[in-house]
Amino acid sequence: IKVELIEETTATLDQMVRNGSVDLVLDNCILDEEVFEWKPLREEHLLLAVPESFPINNELKEYQINAGMIKTGEYMKDTVKEINLRAFCNQPFILQKKENDTRLRTNQICQKQKFTPQILLEVDQQMTAYNIANSGMGISFVSDTLALKVSRHSEIIYYKLDKKSSTREVHFYWKKGRYLSRAMEEFLKITG
């Protein structure tokens with residue numbers, strides 16, 4: 001069995017599953033239920049990732065969450081305050097490109113809070129945005145999944161965002177009616 005990981009936009013992956021060039025897609029977007037079957041993997045939440053070196057963090061200590069709180073899920077409790085993005089006026093942001101789900105949700109959160117981020121860079125991948133934020137160049141929006149998996153030595157301070165706008169489901173998708181090979185079935189079993 002050969003497992004090959006391909007990173008592409010949702011639109012490209014959608015087409016690849018439709019034409020049979022890939023078997024499964026892992027995505028946080030909702031794909032057409034007329035065309036695809038799916039298996040939920042997990043719920044994830046977006047967080048604000050701010051370089052530790054940014055002086056604004058000194059004013060927002062009561063809103064900060066750490067990796068331990070993310071790991072245990074404690075940050076999701078109602079007692080943990082959600083940050084208002086207007087606290088980050090005049091700060092540089094590293095955002096995903098406009099068609100990315102993280103960017104679409106970022107836009108919703110910003111609109112809801114009547115906030116316009118100062119965009120320094122637009123990138124394709126959430127991990128790229130995180131790495132740039134970790135280097136101290138700007139603020140990014142990342143999933144709690146990513147925050148759990150990155151190095152414990154990161155230079156990032158996390159903030160909780162509006163729960164309703166920042167929550168999304170991650171699913172495996174495959175073409176409806178397609179024969180699921182034994183390998184695909186086993187892969188789906190071991191993923192959760």
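The values are calculated or read from the model by the stated rules, or taken from the named source; none is laboratory data. The structure presented is a predicted model; accordingly, all values stated were derived computationally and were not measured. Keep in mind that these areas ignore ligands, DNA and RNA; they rest on the heavy atoms of the full protein, side chains included. Shrake-Rupley method; radii C 1.70, N 1.55, O 1.52, S 1.80 Å.
Protein heavy-atom accessible surface, 1.4 Å probe, per residue over segment 1-140: 58 Å².
Quick one: pull the percent of accessible area on segment 1-102 belonging to carbon and sulfur, 1.4 Å probe, ligands and nucleic acids left out. Let's see the in-between values first.
Numbers: 2960 of 6150 Å².
Roughly 48 percent, rounded to a whole number.
With an 8 Å Cα cut-off and a minimum separation of 6 or more residues, compute the relative contact order for the chain in percent. Answer for the chain is 40 percent. The amide H of Ile157, built 1.01 Å from its N in the peptide plane, has Val50, Glu52 as neighbours under 5 Å, considering only residues 5 or more places off or on other chains. With helices as the sole contributors, the chain gives -7500 deg cm²/dmol at 222 nm; each DSSP H run of n ≥ 4 counts as -39500 (n - 2.57), and the sum is divided by every residue.
Where the accessible area of segment 117-192 is counted over protein heavy atoms with a 1.4 Å probe, how much of it, in %, is carbon and sulfur? After summing per-atom areas, the C and S share lands at 54 percent. The amide H of Val123, built 1.01 Å from its N in the peptide plane, has Leu95, Gln96, Lys97 as neighbours under 5 Å, considering only residues 5 or more places off or on other chains.
Partners of Lys175 within straight-line reach, counting lysines whose Cα lies under 20 Å from its Cα and excluding those fewer than 8 residues away in the same chain: Lys2, Lys39, Lys189. Computed 3J(HN,Hα) for segment 178-184, one whole-Hz value per residue from the Karplus formula 6.51 cos²θ - 1.76 cosθ + 1.60 where θ = phi - 60°, is 6, 5, 8, 5, 4, 4, 5, glycine and proline marked x.
State the antiparallel share, in %, of DSSP beta bridges confined to the chain, rounding to the nearest 5. The antiparallel proportion sits near 75 percent.
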